[in-house]
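A.B. asks: Structure provided below as structure tokens; questions to follow.
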Amino acid sequence: MSTGAHRAGEPVPSLADQATDAPPAGELDWMTDGHTVTGASGRAADRAAVRAFRPRRTVPAVVVAALLTVLGAVVAAETVSALAGRPLRWMPLDRLLIWAASTPWNDPLFLLGTALVTLIGLALVVTALVPGRPRLVPVRTGDADLIIGMRRKSLARALAHAAEEVPGVHSARASVRGHTAAVTATTTGWDRERFGEAVRAMVLSRLAALNPVEPYQVKVNMRERK
């Protein structure tokens with residue numbers, strides 16, 4: 001928001017006009033020491049920040065590894081014991097062989113089991129390939145070795161405080177879900193269009209100052225204080 005003195009007779013810009021002087025988050029390059037830096041170094045820093053806070057998929061990896069380890073150990077034990085002439089029979093291999101030999105390919109139970117195994121495998125693959133939501137909101141620093149993140153609650157609190165700086169707004173609350181920031185502001189007067197534009201401009205200005213790596217859509221809801 002711009003500040004400074006104005007000459008007599010000149011119109012004083014409104015709060016919404018002042019707030020919109022700064023471009024919204026996601027539409028500017030990261031800045032350091034007042035200089036905008038673009039190019040491969042900036043993009044590399046953004047990618048490093050996103051990767052740093054991305055979930056490592058630890059739980060699915062541990063579950064799959066444990067299941068494969070147990071299955072491999074059981075198969076190895078059954079094979080070694082059968083070769084030694086003393087089968088452990090932990091698995092009903094005889095019944096499984098009889099069932100496989102006597103069950104046609106179009107048997108409903110066989111098709112159901114095949115579909116279930118296929119769905120589980122696809123779910124595990126999708127879980128491994130699709131990136132998870134970052135634990136923190138990565139903020140641009142311009143340096144791949146300097147990684148900064150904000151909690152989503154902290155970002156929402158900062159946006160709510162920005163909305164409360166608009167004259168006439170009594171209180172505000174905000175939430176951040178995905179790439180959407182929802183702000184609900186309560187006013188002491190009622191001019192939905194004017195207050196809505198001013199709150200949105202102030203929130204966008206605060207987002208531009210925080211400069212998150214990923215863009216956020218801002219939704220504003222106005223309420224009148226009674």
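A.B. asks: Would you kindly state how much longer the chain becomes between Ile148 and Asn221 on full extension, computed as 0.36 nm times their sequence separation minus their alpha carbon distance, in nm to one decimal? Walk me through the intermediate numbers first.
C.D. replies: Numbers: separation 73, 0.36 × 73 = 26.28 nm, distance 2.99 nm.
Between Ile148 and Asn221, full extension yields an extra 23.3 nm.
A.B. asks: Okay, which of the range 48-79 sit inside 19 Å, backbone N to the point 7 Å along the Cα-Cβ direction of Leu97?
C.D. replies: Only 74-79 pass the distance filter.
A.B. asks: Over the range 51-116, consider all pairs of different Cα atoms and compute the Kirkwood hydrodynamic radius from their mean reciprocal separation; express it in Å, one decimal. Numbers along the way, then the final one.
C.D. replies: Details: mean 1/r = 0.0659 Å⁻¹.
Result for the range 51-116, one decimal place: 15.2 Å.
A.B. asks: Hey, can you find the accessible area per residue of the range 72-180 for me, probe 1.4 Å, expressed in square angstrom?
C.D. replies: Details: 7680 Å² over 109 residues.
Ligands and nucleic acids excluded, the figure is 70 Å² per residue.
The values are calculated or read from the model by the stated rules, or taken from the named source; none is laboratory data. Here the structure is a predicted model, which is why all the values come from computation and not from measurement. Positions of Cβ are backbone-derived with ideal geometry, glycine not excepted, and every protein chain shown enters the neighbour counts. Ligands, DNA and RNA are excluded from the accessible area calculation, which covers all protein heavy atoms including side chains. Shrake-Rupley method; radii C 1.70, N 1.55, O 1.52, S 1.80 Å.
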